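Please read the structure below before turning to the comments.
The values are calculated or read from the model by the stated rules, or taken from the named source; none is laboratory data. Quick caveat: nothing in here was measured; it's all calculated off a predicted structure. Cβ placement follows ideal geometry from the backbone for every residue including glycine, while neighbour counts extend to all protein chains displayed. Please note that ligands, DNA and RNA were not included when accessible areas were found on the heavy atoms of the full protein model with its side chains. Shrake-Rupley method; radii C 1.70, N 1.55, O 1.52, S 1.80 Å.
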Amino acid sequence: MKPFTYQRAGELRDAMAGVAGTPNAKFISGGTNLLDLMKLEIERPAHLIDINHLPFNGIEETAEGGLRIGAQVRNSTLAADSRIRSNYPVLAQALLAGASAQIRNKASTGGNLLQRTRCYYFYDRNMPCNKRKPGSGCAALHGFNRMHAVLGSSDACIAVHPSDMAVAMLVLDASVETMDTEGVTRQIPVGDLHRLPGSTPDVETQLKLGEMITAVILPPGQPGRQLYRKVRDRASYAFALVSVAAIVHVAGDTIAGARFALGGVAAKPWRVPEAEAILLGEKVSTEMFERAADIALANAVGRGGNDFKIPLAKRTIQQALAAASQRG
Amino acid sequence: MSNSTPIADTGKNWIGQPVDRVDGALKVTGQAVYAYEHRTDGPVAYGYILGAGIARGRVSAIDTAQAEAMPGVLRVMTYKNAPTQPAFGPAVTPAVREVFTRPRPVLSTDRVRYYDEPVALVVAETFEAARGAARVIAIDYEDERGAYDLSRHLADAYAPQRTNAGFQTDSLVGDFEAAFADSAVKVDTIYTTPYEHHNPMEPHATLAAWSGDEVTIYTSAQTLANFRAGIANTLQIPPDKVHLVSRFIGGGFGSKLIVHADTILAALAARDLQRPVKIALTRQQMFANAGHRAKMIQSVRLSANREGKLTGIAHDVCSATSRFEEFCEQTAVFARSLYAAPNRITRHRLVSVDTNRGEWMRSPGEAPGMLAFECAMDELADQIGIDPIQLRIRNEPEVDPERNVPFSTRNLVACMQEGARRFGWEQRQAKPGTVRQGRKLIGLGMAAAIRPNYLGASAARISIDGNGQVKVQLDMTDIGTGTYTILAQIAATSLGLPPSAIDVQLGDSHFPRTAGSGGSWGAASAGSAVHNACEALKQKIAKVSQEVRGSPFYGSNPDRTEFTNGEIRIGDRSENLANLINRVAPQGLDAQGAVEAAGENYRNYSQHAYGAHFVEIEVDLDTAEMRVSRMLSVIGAGRILNPKTARSQIIGGMVWGIGAALMEESVLDPRYGHFVNHDLAEYHVPVNADVPDLDVVFLEESDGNANVFGSKGIGELGVCGAGAAVANAIFNATGVRVREFPVTLDKVLPGLPVQTSSGANRS
């Protein structure tokens, strides 16, 4: 393990000064991913700034009637919050579908969004990986790629983002609130936070150097039934092969609102508004859900080992939309 | 002492009682000390192993200067400066046993034989410093093209001289090919079983400390005698200069039967530095450096008449094996004993690949072999249209079908019938894919279990001090199975004392030699030795009691001696045992006991433990996710020494079966020769949520030909056939037969019906 210096930031300005003033510095929150990567020397920061003690651990109601979730709120705290459970159940379900109880107790909201891919080749320093070592190639492209992306990938990288929470936040139209080293804040829709790999898979988000996620903003709750459906190889403690976050609002016998997002299929949580739009005003039917799924997956490309994800995603979308359109 | 002395029914018989683990409190309170946690005199140094980044070739240049200059680094060892060790030697040892004791040199040549093979060791003041320095060692390789993919090299398959444990490579009875060609009913099918890894919770770890020319090695070992010989042969020192301590072991599953790089390198570095050195493999390193089960392609052919009577059985297994050290898992050997059929073939073939050697992974042979064979039996039952249990009953042999010797005990049919009754087997629909609850398909499956029973040469020492404190010592290990507990039960029963009065000491090579933990023989072997030591001690106590003046039994008849309820009784007189010893042998008494390896009884009888597994599975109609909802195993394994620890053993095996059926697979990338998913995030084993409702039933049984207890080995039996029962349930649920294990959802999904009606979602 590469030696590093450590700083516990008591105030935001300390953290920002630390990250601005030290080359190769990194924030650490729960550390559930970063520490693993440091042990393997995939992450090699020279300086760690512990932001666990910054005052971002509250969940507050916003003037608009939504919620502002501090970036340091733990996954388990967020999942247990009564407002989340009643108004944003898809988020609570997604959180509880992720990792293990111990990890959720440690992992933070901001850190969850910024966790890195679980691609096996990314984790093995002997293997080519454009994300870990730009220009070295992608071992997954023609290798064992069962877990890899079917949407938005490139020949440079076919890794997926492993977060469940982010998929639910995307379907809820959440935004992240950030602050840069100059103290400037901005809001980024969750769907725009992560970048597709293109030719630079090592650049994973829109965040600038030293820019910190301080909160996630949820808009007011939407009418409709919410659910998170995660498909995985075992009943718990496995990353999604495919997941679907869905909200369907059925009024009378027609669909008054429908939105869904996919996880486990791309380098970011995935949403296709055109697929949602065709459902509006339609009656609940397998055929409509199948059409929506087909539109959502129109651009999906398998890489061999992950070909099954395309029919699996289609079937899971149909199942999730059907379940979310049930009454009661 | 004879090993056929029956257990006396006098006093309290602790054997067969569900006694709590005597070491349980130590473990749950963190007081059980494992290898890496031991402390020694003087500051310990920490080693970190750097593995090769190629799978076949040689190290052409290695620069350690920068690593050596890093703070805290004490030594960097490579093939250039490592102490001389004997050459590894041929791929097959002349004698079967020598595989356990041969030298296993590390860092002794520039050759790289497998991916992540150790190419350097860094020893430093801290683990972190050692690992950090290892990162900056610069290595150039001459990379050679290796062979990695079994299926691409089948033309190079060869017949080994023998399988693991010395079984014949092939068996041929009658004329299978003729019977198969003429048969109206036949199954001709090929199954593949994947690379798998043991992954015990405790990694392979060693602390080595020298004192003069003697080394004490704290390590995680299943068989101390083999480890001791392997270390002595590699270091080229006398075995009596190697002191091994392995008191607690965090799981072995066969991956701790031979020495690995952690042990050899810790011993070498500690001698070199004159300072204790500890080394643990990381979880990732264990995938390349601590054994695996090899990938196999298994052809199973069955022919039968229309009533389901088998006319022929052929089980042909082709397995990957390491090029530098052969390991032929005895995958088809069980098929020689399981069902009757006049015409039979079992054969083992190997293909050399450039990986590390395969090792003994829980239930070697049966675990992969029964996955294939017991599914093929299910295919046959489905084809003929008879119940899978009926099919097996129709082919129940009267004697061992290939050895033509009687079974010592065999209760397979009773296991199946009892299981069927308890599990509700009659509710099974023979036509697959017909039971549906909401969006789930429900299926039931079953499979048989068989596992040979062994007895290995073992000895034990027992002593009673002047205060009546009893101590039992042997170099046996408890790898989590409950050995401490059952040995206390055995000694307690023999001596008429409570188990809490017996101090069982294991895991020290200074103690008498045993067969260790492996092959499910530990309880019978070590237990027999302890039993015989107790009997010898009782004779000594009785003798002294009659011979010492002042003894209440002075001059009495020794033939009528009983030890019961903490007392010794001779004739009508009784005396508290501790008081008696205090009077007649204040210096204490000790005795040895031993048992020979199974001989005549093993030759004259076919000795196996049996079982029947029953599984109910739910398959998601949309996503093909498969989750076991109920599982029952009915076991006929002789006398059960402790139903509580025995149940845990069987349940552990059942969970292994679920894992093998549904998720366990180490993926070998044929481009690089490495196991891609080499950590526990991506090498999936079942979690609690995958094993909701497991039940185990033991049939009343005692095998008088097995050992003094009438018991049989159970450590591996639970795995055997368990995965096949899961796969057969999946077929029953869906009508999809997957022949490439593990049965993951991507393989089942194409066989599921398309989604038709959203109305179904409301059902």
### Query
Which of the peptides B:588-598, B:652-662 is most tightly packed, and how do the rest follow, going by the mean number of other Cβ atoms within 10 Å of each residue?
B:652-662, B:588-598
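Could you tell me which of the pairs A:LYS230/B:LYS295; A:LYS268/B:LYS27; A:LYS131/B:LYS747; A:LYS106/B:LYS256 are separated by over 32 angstrom between their Cα atoms in the structure shown? Working shown, then result.
On the way: A:LYS230/B:LYS295 30 Å; A:LYS268/B:LYS27 43 Å; A:LYS131/B:LYS747 30 Å; A:LYS106/B:LYS256 34 Å.
A:LYS268/B:LYS27; A:LYS106/B:LYS256, as the Cα separations exceed 32 Å there.
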### Along each principal axis, Cα extent of chain B, largest first, Å
89, 74, 56
### Karplus (6.51, -1.76, 1.60) ³J(HN,Hα), θ = phi - 60°, over the range B:105-119, in Hz, Gly and Pro reported as x
x, 10, 6, 9, 9, 7, 6, 10, 9, 7, 4, 6, 5, x, 10
### Task
Could you list the residues of the range B:362-400 with an amide nitrogen less than 14 Å from a label point located 7 Å from the Cα of B:ALA184 in the Cα-to-C-beta direction?
B:384-385
### Query
In peptide A:228-239, what is the residue-averaged number of other protein chain Cβ atoms found within 10 Å of each Cβ?
6
### Long-range HN-HN contacts of B:VAL22 with modeled amide H, under 5 Å
B:THR485
### Query
Across 10 Å bins from the origin, how do the percents of Cα pairs in the range B:282-420 run, short distances first?
11, 35, 30, 16, 7, 0
### Query
So, in nm, how far is label A:ALA63 from label B:THR126 when the simple model puts each one 7 Å beyond its Cα toward the Cβ?
5.0
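What percent does the relative contact order of the range A:5-50 come to when contacts are Cα pairs within less than 8 Å and at least six residues apart? Could you put the intermediate results ahead of the total?
Working: 52 pairs, mean separation 25.3, N = 46.
Once divided by the residue count of the range A:5-50, the mean separation gives 55 percent.
Using just the helices of chain B, give the 222 nm mean residue ellipticity in deg cm²/dmol: DSSP H runs with n ≥ 4 each add -39,500 (n - 2.57), and the total is spread over all residues, rounded to 500.
Values: 17 runs with 184 residues, N = 763.
Roughly -7500 deg cm²/dmol at 222 nm, from the helical runs in chain B.
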### Task
For B:LYS186, list the lysines whose Cα falls under 24 Å from its own Cα; do not include residues on the same chain fewer than 8 positions away.
B:LYS309, B:LYS431
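Below 8 Å between Cα atoms, with a sequence gap of 6+, how large is the relative contact order for chain A in percent?
Details: 742 pairs, mean separation 54.0, N = 328.
The normalised contact order for chain A reaches 16 percent.
Please identify the longest segment of chain B free of exposed trypsin sites (Lys or Arg not before Pro), where exposed means a DSSP state other than H, G, I, E or B and no more than 12 other Cβ atoms within 10 Å. Mind dumping the intermediate values first?
Numbers: sites that count: B:ARG39, B:LYS80, B:ARG145, B:ARG306, B:ARG549.
Longest stretch, sites excluded: B:307-548.
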### Query
Can you give the relative contact order of chain B as a percent, counting alpha carbon pairs under 8 Å and 6+ residues apart?
17
### Query
Among all the aspartates and glutamates, which ones have a C-alpha under 14 Å from B:LYS241's C-alpha, if same-chain residues fewer than 8 places away are not counted?
B:ASP213, B:GLU214, B:ASP508
### Query
Using alpha carbons only, what's the Rg to Rh ratio of the range A:5-50 with Rh from Kirkwood?
0.97
### Query
What's the extension gain from A:SER199 to A:ASP36 if we count 0.36 nm per residue and subtract their Cα-Cα distance?
56.1 nm
### Query
Between B:GLN168 and B:THR434, how many nm apart are label points set 7 Å from Cα along the C-beta direction?
4.4
### Efficiency of FRET between B:ASP572 and B:LYS12 - r from beta-carbon atoms, R0 25 angstrom, step 0.05
0.75
### Summary
Note: B:LYS80 to B:ARG603 extended length (0.36 nm per residue) minus current alpha-carbon separation gives 183.2 nm
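According to the Kirkwood expression over distinct Cα-Cα pairs, how big is the hydrodynamic radius of the range A:225-324, in Å?
13.6
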### Query
Across the range B:98-103, in residue order, what do the Karplus-derived ³J(HN,Hα) couplings come to in whole Hz, using 6.51 cos²θ - 1.76 cosθ + 1.60 with θ = phi - 60° and x for Gly and Pro?
5, 4, 7, 10, 5, x
#### Entry: Expected 222 nm ellipticity per residue - DSSP helices of 4 or more, -39500 (n - 2.57), all of chain A, to 500
-7500 deg cm²/dmol
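Please compute the average number of Cβ atoms from other chains found within 10 Å of each residue's Cβ in peptide B:623-630. Please list the in-between numbers first.
Values: counts 12, 5, 9, 3, 2, 1, 0, 0.
Mean inter-chain Cβ contacts per residue within 10 Å come to 4.
Assuming a viscosity of 1.306 mPa s and a temperature of 10 °C, what translational diffusion coefficient in µm² per second does Stokes-Einstein assign to the range A:276-328, Rh being the Kirkwood radius over Cα pairs?
Translational diffusion coefficient: 135 µm²/s.
Quick one: what do you get for chain A if you divide its Cα Rg by 2.2 N^0.38 Å?
On the way: Rg = 19.6 Å, N = 328, 2.2 N^0.38 = 19.9 Å.
Compactness ratio reported: 0.99.
Over its Cα atoms, what ratio of radius of gyration to 2.2 N^0.38 Å does the protein assembly as shown give? Before the final figure, lay out each step's value.
Values: Rg = 31.6 Å, N = 1091, 2.2 N^0.38 = 31.4 Å.
The value comes to 1.01.
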### Eligible aspartates and glutamates near B:LYS538 by straight Cα distance, threshold 20 Å, same-chain separation 8 or greater
B:ASP9, B:ASP465, B:ASP503, B:GLU547, B:ASP559, B:GLU562, B:GLU567, B:ASP572, B:GLU575, B:ASP590
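Using the eigenvalues of the Cα gyration tensor, what equivalent ellipsoid semi-axes result for the range A:114-199 when each is taken as the square root of five times the eigenvalue, whole Å, largest first? Kindly include the intermediate steps, with their values, before the conclusion.
Details: eigenvalues 150, 50, 23 Å².
The three semi-axes for the range A:114-199 are 27, 16, 11 Å.
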### Task
Give the long-range amide H neighbours of B:LYS712: residues separated by 5 or more places, or on another chain, with amide H under 5 Å away, using H modelled in the peptide plane at 1.01 Å from N.
B:ARG639
### Query
How many nm separate the modelled label positions at A:ASP294 and A:SER86, each set 7 Å beyond the Cα in the direction of the Cβ?
4.2
### Task
Take the Cα coordinates of the range A:1-149, assign each an equal point scatterer, and use the Debye formula without solvent to give log10 I(q)/I(0) at q = 0.14, 0.15, 0.17, 0.19 Å⁻¹.
-0.83, -0.92, -1.07, -1.17
### Query
Once amide H atoms are built 1.01 Å from N in the peptide plane, which residues 5 or more positions from A:ARG271, or in another chain, come under 5 Å H to H?
A:LEU262
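Share of the range A:5-50's accessible area from carbon and sulfur, percent, 1.4 Å? Please list the in-between numbers first.
Numbers: 1040 of 2060 Å².
Looking at the range A:5-50 in its full context, I get 50 percent from C and S.
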## Note on the structure
Per residue, accessible area of chain A with a 1.4 Å probe, heavy atoms of protein chains only, in Å², comes to 38
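Across peptide B:665-676, what mean number of C-beta atoms from other chains lies inside 10 Å of a residue's C-beta?
Working: counts 1, 0, 5, 1, 8, 2, 5, 7, 0, 5, 3, 12.
The shielding value for this peptide is 4.
How about the range A:214-307: which GluC sites (Glu not before Pro) there lie in a loop by DSSP and see at most 16 other Cβ atoms within 10 Å? Could you put the intermediate results ahead of the total?
Numbers: sites: A:GLU274, A:GLU276, A:GLU282, A:GLU287, A:GLU290; in loops: A:GLU282.
Loop-located and lightly packed - A:GLU282.
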